[in-house]
């Protein structure tokens with residue numbers, strides 16, 4: 001009984017991207033027949049050159065854009081069939097950059113992550129506050145909770161945004177370059193946190209990433225997108241091969257392995 | 001205490017309402033006309049009764065209503081446009097209401113009908129801008145803004161044209177309309193304005209809970225469960241009712257909608273659940289005070305006249321806004 005319900009819980013985070021195609025209103029085709037699956041409790045990395053469609057893919061998975069063709073399924077139910085409220089309770093979206101026009105306090109911004117779980121006019125409950133504080137502790141941002149977001153550095157703001165996503169307590173996290181402003185320590189801390197939550201069965205994560213080295217370390221699956229199509233998909237060791245990457249990025253890369261079996265990718269200056 | 005709690009919400013609003021009542025009462029006592037207070041309380045002096053309750057009180061109530069309408073609408077527009085520099089006249093409703101008023105003044109229409117014309121003009125402007133700015137059934141913010149600004153410009157060009165061809169007294173009326181003036185004619189006007197403003201205010205307060213999230217942008221709002229489109233429509237309708245009513249009775253009283261929300265944000269924080277009602281109350285207090293000043297400033301001079309309230313709001317509002325603008329110049333991007 002316990003094992004069945006555990007299985008059902010984990011099944012809820014299974015994401016199927018089925019034959020997604022998408023064009024922008026000006027006619028430019030961003031994605032063409034993209035398909036892959038994200039198993040529950042895994043971290044999937046979307047990598048690819050600039051303009052390849054990574055951001056569009058993340059937005060489509062979040063239900064913020066409607067695909068021209070194909071569908072995205074979460075727990076065997078299409079994202080498009082869910083209401084805005086339902087979606088917001090199950091999925092968190094972190095954009096590449098965010099403009100916050102008013103000087104909210106950092107804590108207030110994190111509390112906005114609880115909005116899907118309460119009625120719009122209600123005040124936040126003790127539970128909401130506790131969850132928000134916990135999320136800030138997890139992103140090491142509690143120390144500046146009382147400060148206005150206008151006063152924070154880029155990295156501090158990004159940690160607040162990430163805390164907000166965590167406070168949403170989603171089943172799925174869709175992230176678009178979530179650590180671009182963070183220093184290496186906070187990058188590692190965030191991805192450790194993500195890994196912990198996913199392995200613990202609480203979360204499935206999909207992240208568009210520029211940092212291929214980091215992707216090779218933490219992702220269970222990598223999807224390489226080039227010009228709107230899936231060029232390669234699989235485990236890091238399957239996808240991160242010189243031929244595929246060189247072709248995708250138009251570069252000459254050196255791919256090595258250290259003694260601990262970790263892959264590293266560097267420009268080939270030979 | 002950084003976030004908005006139930007206690008803070010009720011405490012702040014309660015204090016503001018008390019301040020509002022005190023301001024009303026103080027305004028009743030001040031004025032250039034001579035009032036026999038003993039006679040008033042005895043009930044013997046009808047003249048004093050008329051001055052206080054028929055002349056001053058409706059005007060004070062109207063100032064409160066207009067201040068509430070403009071300030072809370074200003075706050076809502078700033079959330080809607082995600083820009084703290086927005087004011088309630090920016091989206092073209094002002095242009096429509098003013099043009100309709102000026103046209104009716106030009107045709108020699110009695111004042112009561114001018115008000116109705118202004119209100120109709122405001123709603124017509126709302127409908128026109130709505131349909132012009134729509135793109136595939138959605139109301140994108142930048143299109144709304146551009147359409148509103150252009151519409152305003154066009155309306156004011158027409159107003160200037162009409163102003164140059166009308167008679168002297170009519171030009172004088174038009175001027176006062178454009179500056180903003182609280183010259184009450186009847187308690188009926190006040191009551192009707194109160195209904196529209198009350199309705200709009202209630203609607204705004206109802207959606208104020210979504211404005212925080214809405215200010216993060218359409219996509220993030222959607223991701224957090226708020227339909228930004230729908231919320232924008234409600235805000236647009238609510239503010240059109242309020243601003244339309246305000247402009248129809250008082251003309252274009254400037255700066256109230258712009259800097260009152262700023263000041264409230266500075267003191268009470270940016271949470272819109274408190275910002276909207278608090279701005280409303282502070283706006284009411286401010287406009288009552290400003291109108292009292294307008295009535296009495298030139299009282300003891302050699303040319304005792306009553307100033308239009310728009311003069312006072314501009315004289316205070318413009319420098320106040322400059323100060324707030326200086327504070328505003330900080331980065332907002334993550």
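Values quoted throughout were computed directly from the atomic coordinates according to the rules given, and no laboratory measurement underlies them. Small disclaimer: the values here were computed from a predicted structure and weren't measured. All Cβ positions, glycine included, derive from the backbone under ideal geometry; neighbour counts span all protein chains shown.
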Which of the peptides A:226-237, B:38-49 is most tightly packed, and how do the rest follow, going by the mean number of other Cβ atoms within 10 Å of each residue? A:226-237, B:38-49
So for each of A:155-167, A:17-29 I average, over its residues, the number of other beta carbons within 10 Å; can you give me the resulting order with the highest mean first? A:155-167, A:17-29
Neighbouring Cβ atoms within 10 Å as the yardstick, rank B:270, B:186 fewest first. B:186, B:270
In nanometres, what is the gap between the two model label sites at residue A:243 and residue B:22, each 7 Å from Cα along Cα-to-Cβ? 8.2
Mean per-residue count of partner chain Cβ within 10 Å for A:147-159 equals 2
Between the alpha carbon centres of the stretch A:118-144 and the stretch A:206-255 the gap in Å comes to 36
Order by protection proxy (mean Cβ within 10 Å, highest first), peptides B:231-239, B:77-85, B:150-158: B:77-85, B:231-239, B:150-158
For a footprinting-style exposure proxy, rank A:197, A:66 by other Cβ within 10 Å, fewest first. A:66, A:197
What ranking do B:247, A:94 get, fewest neighbouring Cβ atoms within 10 angstrom at the top? A:94, B:247
For the protein assembly as shown, rounded, prolate or oblate, judged on the Cα gyration tensor with a ≥ b ≥ c (square roots of eigenvalues), a/c < 1.5 rounded, else prolate if a/b > b/c? prolate
Is the C-alpha gyration tensor of chain B telling us rounded, prolate or oblate? Criteria: a/c under 1.5 is rounded; beyond that, a/b larger than b/c is prolate, otherwise oblate. oblate
Between the stretch B:90-162 and the stretch B:262-302, what's the alpha-carbon centroid distance in Å? 26
Run the helix sum for chain B: -39,500 (n - 2.57) per DSSP H stretch of 4+ residues, divided by residue count, reported at 222 nm to the nearest 500 deg cm²/dmol. -25000 deg cm²/dmol
Here the whole-number average of other chain Cβ atoms within 10 Å per Cβ of B:200-207 is 1
Output row, site residue A:29, 7 Å Cα→C-beta label point, backbone N cut-off 19 Å, window the stretch A:230-260, residues A:230-232
Label the stretch B:143-219 by shape, choosing from rounded, prolate and oblate, from the square roots a ≥ b ≥ c of the eigenvalues of the Cα gyration tensor; if a/c is under 1.5 it is rounded, and otherwise prolate applies when a/b is larger than b/c, oblate when it is not. oblate
Within 10 Å of each Cβ of A:219-229, how many other protein chain Cβ atoms are there on average? 0
